[in-house]
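Values in this text are rule-based calculations from the coordinates and carry no lab data. Small disclaimer: the values here were computed from a predicted structure and weren't measured. Here the Cβ is made from the backbone with ideal geometry for all residues, glycine too, and neighbour counts use every protein chain on show.
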Amino acid sequence: MTAFCISAAIPPELCAVDDERKAIYHSADSICIWVFATRRERNRFVEETQGMAKVERDAHYRRFFTSPQPPSATSTGAI
């Protein structure tokens, strides 16, 4: 088994979240960290999104795990 460590400036508010409430995905050009209210929600997300690409996982997270947010004038919708 191999471990990879990538140096990054992680926001303190993300570091404060229990690791069991985070799901992490990476591709060649990005790392995504989704944060959940509970460990159970995180585990459900992992099960439901097996085999999905980043865009599909993000859409699933937004649809089932976030509250609707009003559109922002500065929002680009970029992931």
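Remarks
- In this label model, ILE24 and LYS54 are separated by 1.5 nm, measuring between points 7 Å along each Cα→Cβ vector.
- Cβ-based exposure ranking for PHE4, PHE36, in which fewest neighbours within 10 Å come first: PHE4, PHE36
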